[in-house]
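The values are calculated or read from the model by the stated rules, or taken from the named source; none is laboratory data. Worth saying up front: this structure is predicted, and the values here are computed from it rather than measured. With ideal geometry, Cβ positions are generated from the backbone for all residues, glycine too; neighbour counts draw on all protein chains shown. Side chains included, ligands, DNA and RNA excluded: accessible areas come from the protein's heavy atoms. Shrake-Rupley method; radii C 1.70, N 1.55, O 1.52, S 1.80 Å.
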Amino acid sequence: MTIANRLAFAACSVLAFASHAANAQQAPAVDMIKADARAGATVKQMTADEKVVLTNGIMPLPFFPGTVIPEGAVFGAGYIPGIPRLGVPVLTETDASLGVSWVGGIRKDGATALPSGLAQAATWNPQVMYDGGAMIGSEARAKGFNVLLAGGVNLMRDPRNGRTFEYLAEDPYLSGILVGAAIRGVQSNNIISTIKHFALNGQETGRKYVDVKITESAARESDLLAFQIGIEQGQPGSVMCAYNRVHGDQACASDWLLNKVLKQSWGYKGFVMSDWGAVPGVEAALGGLDQQSGAQLDKALFFGDVLKAKAASDPGYAAKLDDMNRRVLTAIYASGLDKNPAKTGGTIDFAKNAQVAELTAKQGIVLLRNKGVLPLAKTAKSIAVIGGYADSGVLAGSGSSLVQGPEGPAATRSLGGDSPFSALMQQNYHRSAPLTAIKAMAPGATVTFRDGRYIADAVEKAKQADVAIIFATEWRTEGLDQPDLSLPDGQDALIAAVAAANPNTIVVLETGGPVAMPWLDKTAAVIEAWYGGARGGQAIASVLFGETNPGGRLPVTFPASLDQLPRPKLDGADWVEPNFSGDPEPGKDQLHTDYDIEGSDVGYRWFARKGQKALFPFGHGLSYTTFESTGLKVKGMTASFTVKNTGKRSGDEVAQVYLVSRGGEAKQRLVGFQRVSLEPGAATTVSVKFDPRVLADWKNGGWSLAAGEYAFALGKDAEALSAPVKVKMAAKLWKD
Ligand code: BGC
C-alpha cells in the first residue's frame with residue numbers, strides 16, 4: 001500500500017465512525033396536494049347538514065353536564081363525528097407532544113412518557129424526534145385515536161412561561177426542523193398530527209386575552225418561521241390556533257395569521273382547529289378557523305347550527321364552509337384515516353417504547369458544569385443522594401400534556417386548590433427512581449437517601465459521603481407561569497449548604513426550563529436532566545456513571561438574571577389567576593405584551609444584541625471527551641468543516657454554525673447544526689445547507705437578502721465562537 005493509499009484508507013475508517021443525525025430514517029411526509037383534490041370531490045357530495053359535522057366537536061369526557069358521550073368515543077381531548085354515508089371517519093383526538101395523555105386516569109390505561117419537549121430538543125437530533133413521534137403515534141393508534149394534538153413549537157420568549165417544558169427551543173430554525181421530524185413520525189402511523197399553538201402564545205398568564213404586539217417582519221423571522229419550517233418538514237394535517245390575541249384579534253379568528261399568512265402566503269392545505277375554549281364567535285370562520293374543538297369550553301356552539309344558518313344566507317360563509325370541509329377532509333385523506341382506521345385495543349410493547357424514551361432522555365441530558373468529578377467511578381464507596389423525590393421517580397410537568405405509565409404515577413404531591421382544575425395542581429413523578437438506578441450502577445457503594453426537607457440532616461449525610469448528589473426539582477404546569485427563576489421549597493439554600501459541606505457535590509436539575517443557580521460556583525458538577533419521562537432515572541444514572549457520554553445541548557438560554565430579559569417583569573404577573581381557565585378577571589381584560597422590544601431577536605439573539613453574558617448560553621453542553629471543530633468554509637449556501645474527537649472517550653458533538661454579522665453589522669442567528677458521534681481520535685467532515693430565510697429579513701411582503709458581506713462562525717455555543725469566515729452574497733428577493 002502506498003503512503004497516499006494508507007492515508008486515504010485511514011481517513012475512510014475514521015469517517016466510518018461518524019454517524020449523522022441528518023441522514024434520518026424517516027417516512028416521507030404525507031401528500032396534501034393529492035388529498036386536496038379528492039377532498040374537493042367529496043365536498044361536492046355533502047348536504048347542508050353534513051357540512052357542519054366536521055366543523056365542530058366536543059370533549060368526550062363525563063365531566064360536563066348535558067354532554068352525551070357518543071358510542072365509540074374514546075375518553076380524551078376531542079371527538080368529531082364522521083359521515084358514514086361518505087366514508088368519512090370519526091375523529092378521535094388526544095394530547096400530546098410527550099405521549100398519549102393521562103386525562104386524570106379516566107381511561108384507566110397508561111402510555112409511554114417521553115421526556116419533556118426541552119429535553120427532546122436538547123438532543124438536537126431530528127432522528128430522535130422522529131422516533132419519539134412515531135412511538136407516540138403508534139400508542140395513540142393502539143388506543144383508538146387518529147388525531148394527536150402534538151407539535152408544540154412556540155418559541156421560548158420568556159423563561160418563566162409555564163409551558164416551556166412542552167415546547168422545544170428559542171430558535172426558529174432548530175424548533176422548525178425538530179418539530180417537523182416529530183410530526184412526520186407521528187403521521188407515519190396513519191394518524192393526523194397538529195402543530196400548535198399558532199401563534200405567539202408566549203405566556204400562560206392571561207393566556208386567553210393577552211394581546212401581542214409584533215411587527216410582521218419580526219414575527220416572520222421568529223415565531224412564524226418556526227411554524228413555517230415545521231409545516232414544510234412535517235406536513236401536519238392540522239394547525240391548532242392559540243388562546244392569545246394578536247393585534248387585538250383572538251389568534252383563532254385572526255385573518256392575518258390564519259388566512260393571510262398560513263393559508264395564502266404558505267399555501268397550507270390542511271385545517272385549523274381551535275384550542276379548547278379559544279373561539280370567540282361564528283365570525284372566526286371568516287377569520288380562517290375551520291373547526292371548533294371542545295365546544296363545551298366556549299360560550300356557545302358556533303360552528304354547528306349557527307354556522308349552517310349563516311351559510312344558508314350569506315355566500316361568503318357558504319364558500320368558507322366548503323373550504324373548511326375540504327381542509328378537514330384533506331388531512332383525513334392525506335394521512336389515510338379512512339383506509340387504515342385506528343382501533344381501540346391494539347397492543348403496545350411498553351418495554352420497547354420505554355427504550356425510545358430512555359434514548360431520548362440520554363441524548364437530551366445536558367452537562368452544564370463539571371469540575372472533574374464526573375463521570376463517577378462504578379467503584380465509588382459512599383454516595384449521599386438528597387432531595388427531589390429521587391427515591392420515587394422523576395418529575396413530570398402538568399396540564400393537558402401529562403402522561404402516566406400503565407401503573408400510574410410513582411408519587412403525587414398535591415398543591416391544593418378547589419377549582420375544577422385542582423387535579424392539575426398536582427406534581428406527578430414517573431416510576432423511574434434515580435436512587436434505584438444509582439444503586440444499580442454502583443453495587444459496591446453505600447448509598448444513603450435523605451429527602452432534603454431538613455438541611456442539617458442532609459448536610460450531615462453529605463459530610464459522611466465521598467460524593468453528594470442533590471436532585472433539585474422545579475415543577476411547571478400549563479395554565480400558570482413561574483414567578484421567577486428560583487428553585488422552590490428552599491432548595492437553593494439546601495444546595496448551598498450541602499455544597500459547602502462536601503466539595504464533591506453534584507446537582508441534578510429536573511426543571512421545566514431555565515432556573516437561576518446562586519450556588520453554582522460551590523458545586524463540583526451540574527446536570528440538566530429536564531423532566532426525564534418513563535426512564536428518566538436510568539438515563540440520569542447512565543450519564544452520572546459515564547455509560548452515556550452527555551451530548552445534549554441547551555435549546556434555550558439560561559439567563560443570569562431576570563434583568564437580562566426583554567421584559568424583566570412578566571406582563572400581567574401581578575394579576576395571575578390561579579384557576580387555569582385564563583379567563584379575564586372582571587374589569588381586567590386588557591393585558592398587552594410588546595414583542596417588538598426584542599422583535600425577532602429572541603433568546604440568544606437578544607443576548608448578543610445587548611452584549612449580555614448568560615448564565616449558560618444557548619447551545620451549551622459539556623462532554624466527557626473533547627471536540628475540535630475547524631476549517632470552516634462557506635460556499636454559496638453551504639458551510640463545511642471538520643469535527644474531531646480529541647479526547648479519550650467516544651461521544652457526541654453538536655456542531656453549530658452561526659451567522660455573526662451582515663454587512664459589517666453584528667447579527668447572530670443559528671444557521672446550521674448537526675449532531676455527530678465520534679470515536680476517540682476520529683474526525684468527520686460536516687456540511688450544512690443554510691435555509692436562506694434564516695439569513696434574510698422579511699421586508700415589504702417578502703424575504704430580502706441584502707447584497708454584501710456575511711460572516712459565519714463555528715460555535716461551541718452561542719457565545720463561544722470561532723474566528724469568523726466572511727463571504728460575499730448577492731442580493732435576492734423572494735416570496736414564500
Ligand atoms: C391546550 C392544548 C391542548 C388542548 C386539549 C388546551 O388547554 O392549550 O395544548 O391540546 O387543551 O387538551
**Report entry** Compactness of the stretch 189-298 as Cα Rg over 2.2 N^0.38 Å, two decimals
**Finding:** 0.98
Report summary line: Projecting the Cα atoms of V90, S542, Q464 onto the charge dipole of the chain, where Lys and Arg contribute +1 and Asp and Glu -1 at Cβ, the residue farthest towards the positive end is S542
**Report entry** Projected-area average for the stretch 254-315 over all orientations - Cα convex hull basis, square nanometres
**Finding:** 4.3
Report summary line: Between the alpha carbon centres of the stretch 325-347 and the stretch 436-508 the gap in Å comes to 47
Query raised in the report: Given a 1.4 Å probe and every protein chain left where it sits, what share in percent of the accessible area of the chain is carbon and sulfur?
Result: 54
Query raised in the report: For the chain, what is the charge dipole size about the Cα centre, in debye to the nearest 20, if Lys and Arg each add +1 at the Cβ and Asp and Glu each add -1 at the Cβ?
Result: 2140
Report summary line: In vacuo Debye sum over C-alpha of the stretch 454-590, base-10 log of normalised intensity I(q)/I(0) at q = 0.09, 0.14, 0.16 Å⁻¹, listed in q order, is -0.35, -0.77, -0.95
Report task. Rank these residues by their accessible area, most exposed first, probe 1.4 Å: D717, D594. Result -> D594, D717
Report summary line: Non-local residues with an amide H under 5 Å from the amide H of F545, with H modelled 1.01 Å from N and Pro and chain starts lacking one, are L376
Report summary line: Distance in nm between D49 and A300 label points, each 7 Å along Cα→Cβ, equals 2.2
Report summary line: Cα-Cα pairs in the chain separated by more than 39 Å, as a whole percent of all pairs, come to 33
Report task. Could you state the angle between the C-alpha long axis of helix 455-464 and the longest principal axis of the C-alpha atoms of the chain, as a value from 0 to 90 degrees rounded to the nearest 10? Result -> 40
Query raised in the report: If you line up the long axis of helix 223-234 against the longest principal axis of the chain, both from Cα atoms, how many degrees apart are they, to the nearest 10?
Result: 80
Query - Square roots of 5 times each gyration tensor eigenvalue, C-alpha, the stretch 516-649, largest first, Å - result: 36, 24, 15
**Report entry** Distance (nanometres) between label positions extended 7 Å along Cα→Cβ at A456 and E407
**Finding:** 3.6
**Report entry** Surface per residue (accessible, 1.4 Å probe) for the stretch 529-623, Å²
**Finding:** 34
Query raised in the report: Which ³J(HN,Hα) values in Hz, rounded to whole numbers, follow from the phi angles of the stretch 396-409 under the Karplus curve 6.51 cos²θ - 1.76 cosθ + 1.60, where θ = phi - 60° and Gly and Pro get x?
Result: 10, x, 10, x, 5, 8, 4, 10, 10, x, x, 8, x, x
Query - Cα-based convex hull volume of the stretch 346-411 per residue, rounded to whole Å³ - result: 168
Report task. Keeping to pairs on different chains or 8 or more places apart, tell me how many lysine pairs in the stretch 336-425 have Cα atoms under 23 Å apart. Result -> 5
**Report entry** Pairwise centroid distance, computed over Cα atoms, of the stretch 23-66 with the stretch 629-691, Å
**Finding:** 42
Query raised in the report: In degrees, nearest 10, range 0 to 90: what is the angle between the Cα axis of helix 315-334 and the longest Cα principal axis of the chain?
Result: 50
Requested in this report: Treating each Cα of the stretch 598-736 as an identical point scatterer and ignoring solvent, apply the Debye formula and state log10 I(q)/I(0) at q = 0.14, 0.16 Å⁻¹.
Outcome: -0.67, -0.85
Report task. Given the peptides 143-152, 319-328, 48-57, arrange them by the average over their residues of other C-beta atoms within 10 Å, most packed first. Result -> 143-152, 319-328, 48-57
Query raised in the report: Mind checking the dipole of the stretch 697-736: about its Cα centre, +1 per Lys or Arg Cβ, -1 per Asp or Glu Cβ, Debye to the nearest 20?
Result: 200
Report task. Report the one residue of P559, T626, W606 whose Cα lies farthest in the direction of the positive end of the charge dipole of the stretch 526-629 (charges on C-beta: Lys and Arg +1, Asp and Glu -1; origin at the Cα centre). Result -> T626
Report summary line: The set of residues whose placed amide H lies less than 5 Å from the amide H of M59, leaving out same-chain residues fewer than 5 positions away, is G294, A295, Q296
Requested in this report: Starting from the coordinates of the alpha-carbon atoms of the stretch 123-221, obtain the Kirkwood hydrodynamic radius over all distinct pairs and give the value in Å to one decimal.
Outcome: 14.4
Report summary line: Summing -39500 (n - 2.57) over every DSSP H run of at least 4 residues in the chain and dividing by its residue count gives a helix-only mean residue ellipticity at 222 nm, to the nearest 500 deg cm²/dmol, of -7000 deg cm²/dmol
